[in-house]
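Engineer: I'd like to ask some things about the structure below.
Nothing in this text is a laboratory measurement; each read-out follows from the coordinates by a stated rule. Note that the structure is a prediction, hence the values are computed from the model and not measured. Because the Cβ atoms are built from the backbone with ideal geometry, glycine has one as well, and the counts that use them run over all protein chains shown.
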Amino acid sequence: MKDTLKIGVTYRHTFTVTKNQTVPRFYPESDLFQAMPEVFATGYMVGLLEWSCIELLRPHMDWPEEQTLGTHVNFSHDAPTLPGMTVTVDVTLDNIEGRKLSFSVKAHDGIDVISTGTHERAIIQRRKFLERLEQRRKIINNEN
């Protein structure tokens, strides 16, 4: 993490929702999701909010060796967003506690606030994390 990363730094991210981010396309294997309205899926919204936090961080990190992973999400989903609508996400870094980063997030679709909440991410060293994943892979494959 570079010394440019400070509490209070903000970022604004915009994204236009397509049919690919709607509920029926969220889990195509699920008949339940297939029958639901074609609106921005909560799961994709959560991903967009995380993406916005990552974009805030990227210029302040030694990317790609230093990255972050989401560790906690606490978001509302307050209004439906149709394909073609643009979502604007405003992110603020609220706290830095060692490797733990905390954010406040607000998203608007041009008509309504669609989400507010908080998010936490942990800073990782990509190489070390991939080594841990390799150890897990060996365990699940019963390798020594």
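Engineer: What's the number of the only condition in (1) within 20 Å of residue 106 (Cα to Cα); (2) over 18 Å from the mean Cα position of the chain (by Cα); (3) not acidic (Asp, Glu) that residue 44 fails to meet?
Structural biologist: Among (1) within 20 Å of residue 106 (Cα to Cα); (2) over 18 Å from the mean Cα position of the chain (by Cα); (3) not acidic (Asp, Glu), the lone unmet condition for residue 44 is (2).
Engineer: For residues that are more than 30 Å from residue 127 (Cα to Cα), of a type in the set (Asp, Glu) and out of contact with any strand residue (DSSP E or B) (no Cβ under 6 Å at 6 or more places or on another chain), tally how many sit in the stretch 20-69.
Structural biologist: 2
Engineer: Moving on to the next point. Restricting attention to the stretch 95-144, and to residues there that are among the polar types (S, T, N, Q) and under 30 Å from residue 82 (Cβ atoms), which single residue is surrounded by the most Cβ atoms within 10 Å (Cβ to Cβ)?
Structural biologist: Ranking the candidates gives 115 first.
Engineer: Quick one: residue 84 ticks every box in (1) on the phi > 0 side of the Ramachandran plot; (2) touching a Cys at 6+ places or on another chain (Cβ under 6 Å) except a single one, so which number is it?
Structural biologist: (2)
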